[in-house]
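I have a structure I would like to understand better, so I am pasting it below and will then ask my questions one at a time.
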Amino acid sequence: MELRHLRYFLAVAEAAHFTRAAEAIYVSQPTLSQQIKQLEADLGTTLFDRIGKRVMLTEAGEILQAHAQRIFTELEQVQQAIQELEGLQGGELAVGVVQTVNAYMIPDLVARFTTAYPRISLRIQELSADEIESRIEQGKLHLGISFIPPTSPFLEAELLFDEKLVLILPTSHRLARQKLVRFDELKDEALIL
């Protein structure tokens, strides 16, 4: 069964007449009749009762009509969704963000994004770097804002900005006079991050 067969079938069902249906879809009446016969052969059932030049749907034809109409409605919705996505006119964007970025960058970005693309649903999830990578690989997120480099070889990363981490200590602390402190020097320290 091909979509062409279903289009022809729906034209005949709507017109209740082969010649008028053929004219409506710009095919010859013999071509239309042949395609309907092929569809009936594929399905193993009669779809139309022919009464003179008029035709009426059989019970099987009524079932096919309902399903065929749903198929074409779904196809139209698929085409529209793809067009909206390609034109950034609709759809959903799922983004994972680490906590530090979420706290001070995301509110402004979300406001600007939703103004520019009001029909795109933006879903932001605050997650750990590992969870972001895992969900991107599983297809649950479209992108993530995290730390580089990613641990997975299947992900690409692009540097958005550099950020300095600073250590703030009381002047009496043993590390207070050092210009640089390595992370391993902090392993036994109680920290507030």
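Does Pro107 meet the test of being assigned to a loop (DSSP other than H, G, I, E, B), free of Cβ contacts under 8 Å to residues at least 60 places away in the same chain and not hydrophobic (A, V, I, L, M, F, W, C)?
Taking the combined requirement at face value, the residue does not satisfy it.
Checking the structure you have, find out if any residue of region 150-158 is of a type outside the set (Asp, Glu), under 27 Å from Ala81 (Cβ atoms) and either assigned to a helix (DSSP H, G or I) or touching a Cys at 6+ places or on another chain (Cβ under 6 Å) (or both).
There is no residue in region 150-158 that is of a type outside the set (Asp, Glu), under 27 Å from Ala81 (Cβ atoms) and either assigned to a helix (DSSP H, G or I) or touching a Cys at 6+ places or on another chain (Cβ under 6 Å) (or both).
So in region 14-68, with the set limited to residues that are of a type in the set (Asp, Glu) and closer than 15 Å to Arg4 by Cα, which one is most open to solvent (accessible area, probe 1.4 Å)?
Restricting to residues being of a type in the set (Asp, Glu) and closer than 15 Å to Arg4 by Cα, the top hit is Asp42.
OK, next. Suppose the filter is of a type outside the set (A, V, I, L, M, F, W, C) and over 30 Å from Val78 (Cα atoms); does Pro149 pass it?
The answer is yes for Pro149.
Let me ask another. From the list Leu122, Leu88, which residue is at pLDDT 85 or above, farther than 30 Å from Leu10 by Cβ and not in a helix (DSSP H, G or I)?
Exactly one residue qualifies, and that residue is Leu122.
Of everything in region 124-166, what is in contact with a strand residue (DSSP E or B) (Cβ under 9 Å, 6 or more places away or on another chain) and exposed (fewer than 12 other Cβ atoms within 10 Å of the Cβ)? Give them in sequence order.
The answer is Leu160, and nothing else.
Search region 91-109 for residues being farther than 18 Å from Phe161 by Cα and open to solvent by less than 50 Å² (accessible area, probe 1.4 Å), and hand back the single one that is modelled with the lowest pLDDT.
Gly91
Another question about this same structure. Of Ile36, Ile71, which residue is closer than 25 Å to Thr19 by Cβ and either touching a Cys at 6+ places or on another chain (Cβ under 8 Å) or assigned to a helix (DSSP H, G or I) (or both)?
Going through Ile36, Ile71 in turn, the sole match is Ile36.
What is the residue count in region 125-149 for residues that are part of a strand (DSSP E or B) and either in contact with a Leu (Cβ under 9 Å, 6 or more places away or on another chain) or over 10 Å from Val95 (Cα atoms) (or both)?
4
May I ask you to list pairs of residues, at least six apart or on different chains, whose Cβ atoms are under 6 Å apart, with the first in region 127-154 being among the polar types (S, T, N, Q) and the second being surrounded by 15 or more Cβ atoms within 10 Å (Cβ to Cβ)?
Pairs found: Ser146/Val98; Ser146/Ala129; Ser146/Ile132; Ser152/Glu133.
The values are calculated or read from the model by the stated rules, or taken from the named source; none is laboratory data. Everything numeric here is computed off the predicted structure, so don't read it as measured data. Glycine also receives a Cβ, built like all others from the backbone with ideal geometry; neighbour counts cover every protein chain displayed. Just so you know, the surface numbers come from the protein's heavy atoms only, side chains and all, with ligands and any DNA or RNA stripped out. Shrake-Rupley method; radii C 1.70, N 1.55, O 1.52, S 1.80 Å.
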